[in-house]
1. Evaluate the distance, in nm, between pseudo-label points positioned 7 Å from the Cα of residue 51 and of residue 136 along their respective Cα→Cβ axes.
2. What FRET efficiency, computed as 1/(1 + (r/R0)^6) with R0 = 30 Å and r the Cβ-Cβ distance, is obtained for residue 225 and residue 125, rounded to the nearest 0.05?
3. For residue 341 paired with residue 238, estimate the spin-label separation in nm (one decimal), with each label point 7 Å from Cα along the Cα-to-Cβ line.
4. Between residue 104 and residue 22, what FRET efficiency follows from the Cβ-Cβ distance if R0 is 45 Å, with the result rounded to 0.05?
5. Rule-of-thumb check for segment 269-334: C-alpha Rg over 2.2 N^0.38 Å?
6. Residue 88's amide H: which non-local residues (gap 5+, or another chain) put their own amide H closer than 5 Å, with H modeled 1.01 Å from N in plane and none for Pro or chain starts?
7. Take every Cα-Cα pair in segment 150-266 and report what % of them are more than 17 Å apart.
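Readers should treat all values here as calculations from the given coordinates under stated rules, not as data from a laboratory. The model shown is predicted, which means the values in this text are computed figures rather than measured ones. Positions of Cβ are backbone-derived with ideal geometry, glycine not excepted, and every protein chain shown enters the neighbour counts.
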Amino acid sequence: MLWRRHPCAPLHIRECPLHAVTRPDAVALIHGERTVGYGELDRTADAWAHSLARHGVGPGALVPVLLPRGAELVTAILAILKLGAAYALLGLGGASLAAGRVRARLASELGRPVPLSRLYEHPTARTLAAWLSRSQPTPAAESGAPSPAAPSGGVPLTPMQRVYLTRHLLFPDDRSAHCAVLWSIDGDLDLDALDSAIADVHQRHQVLGASSVPAPGPTALGDASPAPVLEALPVARDAEAAADVLRDILMEPLDITEGDVRRTVLVPLESGRSAVLGCVVHHIAFDGWSESALAADLATAYNERRRTGRAPDRPAAPTAAETHRSRTARLALADLDRRRAWLTDELTGVPEARRPGAPAPGRVRSPDRPAAARRFSTPASPHVSTPQPHTPEPPGSPCCSPATAGCSPI
């Protein structure tokens, strides 16, 4: 595919609507033997945009794109941008989180498991629809029968969770699985409501208090531990000083074998109307996708506690057992033997990867790297808004890459 303004200059896709008016017959793109003019491209993108809008796509939405390279791919991108939305090119190796959202939406709409691997095996809407129409879950997949080797009341850990548990047992000083996030809170803060909201979130998500034990098999025990108490530290000069304090506190050990999965710490600021709230969750129960879920749940619980003094009236999040059954059902449709054969073929003969300067177990990133921050805004209203990005970087520990998450996150 070749974009061009003139033979040597690429054309930015956002300029297409302008050229559709000024020179509609000029060539916008070439794919194989096909040429598409600006006018045709813009008209087709408008039609696609109207269709996407009818399905709820609007400003701020993330639209996963499962199309191969070609004119349709460019048309889809232009249509999404016309609506003020963003796109993820899954067919070209896009974000795994966006693919996960597609899988979850399909599973919810169809009432059946949809393995993530199938989206990559069938990267277009047509081929994915064909696979969905010809594949049916088996009775075992629908029931999600639990795997053996789990003690009564326990749930087998996923392979990735076993990795985290093993590293925790072998390297107790390792902090690479600490997922830390900071929020800046502006306005009057109700400490009792915040403390209760933290307990509400803990109670709603069983994985936040589950113990992970190695014997008789790597297992998550369902009896949740008590919610951690909100730790209030002395007043800090400003947000930067508070972040420095929290960076050390949040990197203190967590004992996931005893259900010590997370910690929440508050540092008030000298201004009197601001504070920094820090939270750390072990990666065995948390990943990059979990951050927004945690923030939204905490905001909802806090607002309801301030308004009524009670916990929000919401159903509990899926338990570890329910998540395990769902995962078992997906695996039954994933053709694991074929996946293993493909991986074996791809990795055979690959040279050993050597990472110069890799940190030794127990070391974390340099303390001068800022932890992620999000902002709660509480001006005149007693409500806490859903946090908005304040800095683009992920937390200061290397644990929050969703690509490695194989756990049952909140």
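1. Result for the modelled spin labels: 2.9 nm.
2. 0.10
3. Inter-label distance under the simple model: 6.2 nm.
4. It comes out at approximately 0.60.
5. That ratio works out to 1.57.
6. Correct list: 63, 65.
7. So the portion of pairs separated by more than 17 Å is 62 percent.
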